[in-house]
Amino acid sequence: MNAGDVKNVDNRAVTLVAARGWLAIAAMTVALATPAGLPEAANIAFFVFCGLAIVGAPLFAWKGLLQHPGITLPLVATLLLLGAFSLSAEGPQDLLAIYLFTPLFLTAPMAALLGAGGRQVSLERAALAASAGAFFALAVALFDVTVAGHQRAGFSVNNPLHFAAIALTLGFLPPAAIPRSTGWRRTVMLCAPAAGAGAVILSGSRGPILAILPVLVIAIFGYLFMIGVRVRRLVLAMALGLMAVALLLTLAWLGVLPGGGTLHQVAAIITSGEAPDDSVAQRLLMYQSAYNAFLAAPVFGHGMADFIAITASYAPAGTEMPTYDHLHNDIADFAVIGGLVGLVSYLLIIFAPLFEAARAPHHHRGPAVYLALVLATAYLALGLTNAVFGIITQTVLFGFMAAYIVNLARAGTGALQE
């Protein structure tokens with residue numbers, strides 16, 4: 001091989017590395033910047049990028065991926081669900097419902113693609129992309145309530161509940177990169193949570209509005225951990241944080257801040273046991289029916305086939321459970337479709353990013369733990385009043401973030417070196 005041939009080979013190698021980097025950047029940008037305002041585009045792009053990583057497997061960084069709990073635990077969870085479904089399935093078609101969790105077992109190809117991006121998919125770029133997503137959500141929300149005339153933001157692009165769930169999650173991810181950023185970038189990341197929370201409030205979705213506080217509190221504690229605050233100071237900060245939350249709740253209760261109406265309704269439910277409106281009454285009835293259905297099949301559940309109709313058959317005497325695609329609660333959904341096996345699967349999915357973050361190298365552990373804490377808290381809190389997993393856009397976002405946390409855990413360990 002002469003010098004010209006060597007040069008051509010080198011040029012092709014450089015071009016290939018650059019192409020993989022741009023693919024990784026594109027995947028990250030679309031996944032974080034578009035799901036609130038363009039959910040279908042975000043979903044399609046996720047599957048396309050994962051497909052490219054699978055088809056071009058030799059070109060991407062697959063080495064050692066199955067050693068990462070952020071990938072293996074969701075895989076184990078979906079396999080457990082599939083096993084539970086098989087016991088109640090009347091035919092192969094009843095097993096196909098597992099496709100709702102497809103983004104969770106596509107975490108590996110997405111992590112492989114991101115791994116090929118190296119430093120080009122840096123924490124700062126990811127945070128800026130998520131910030132763009134949060135501000136995009138706020139722009140959509142403002143358009144909906146001021147121009148389109150919707151009473152609840154999100155109707156123009158999605159169901160307001162799903163829109164709010166995405167906006168809340170995106171808004172609290174960017175602070176992970178604040179300690180490593182400066183200037184306008186840091187300002188944008190600092191404002192992202194307010195943008196996401198603003199979109200949630202404009203959506204009028206009570207569950208996501210209530211979820212803002214636990215996500216905010218955990219985000220503060222996660223940030224303090226990330227910047228290395230000592231234990232005593234962390235305890236003090238926790239106390240101050242709880243006092244701040246109490247103050248915010250009091251101001252909301254008094255009507256100084258938005259969200260007071262939601263708090264009054266929650267208090268009414270707790271003190272009287274009665275639902276203030278039909279929406280809450282329907283949820284309470286679904287939860288009661290789900291509990292009864294769980295007791296009827298506590299180990300392996302009833303499977304996905306007609307699980308809403310099955311749950312409705314366990315409604316309290318003299319009542320009729322409303323029919324939706326889900327039970328408006330992730331725990332209820334997993335308990336009915338998979339019993340105790342389903343609940344274990346749910347916990348494995350939720351905590352997989354946290355197990356992954358805990359094993360990240362020291363210089364990435366802080367941001368990884370912050371992202372995992374925010375992600376887990378947001379999905380736990382949001383899943384208490386509406387389905388999150390199994391709803392495609394939310395599941396795609398979780399799958400992508402799990403892959404990104406895996407990528408942080410791999411960075412600097414040699415796994416990404418060609």
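A few remarks follow.
- Karplus-derived HN-Hα couplings along the stretch 45-54 (A = 6.51, B = -1.76, C = 1.60, θ = phi - 60°), whole Hz, x at Gly and Pro: 4, 4, 5, 5, 5, 5, x, 4, 5, 6
- Its Cα gyration tensor gives the stretch 331-418 an equivalent ellipsoid. The semi-axes, each the square root of 5 times an eigenvalue, are 27, 12, 12 Å from largest down.
- Calculated SAXS-style log₁₀ I(q)/I(0) at q = 0.14, 0.18, 0.24, 0.31 Å⁻¹ - the stretch 110-162, Debye, Cα scatterers: -0.53, -0.66, -0.83, -1.11
- Mean-position separation - Cα centroids, the stretch 334-373 and the stretch 127-199, in angstrom: 24
- The convex hull of the Cα atoms of the stretch 75-150, projected and averaged over all directions, covers 8.7 nm².
- If you wrap the tightest convex hull around every Cα atom of the stretch 17-101 and split its volume per residue, you get 131 Å³.
- P(r), alpha carbons of the stretch 289-376 - 10 Å bins starting at zero, rounded %: 18, 36, 21, 17, 8, 1
- Cα-based convex hull, the stretch 130-191, per residue volume (Å³, whole number): 67
- Inverse of mean 1/r across different Cα pairs in the stretch 91-236, Kirkwood, Å: 17.1
Each reported figure results from applying straightforward, stated rules to the coordinates on display, with no laboratory input. Since the structure is predicted, the reported quantities are computational estimates derived from the model, not experimental observations.
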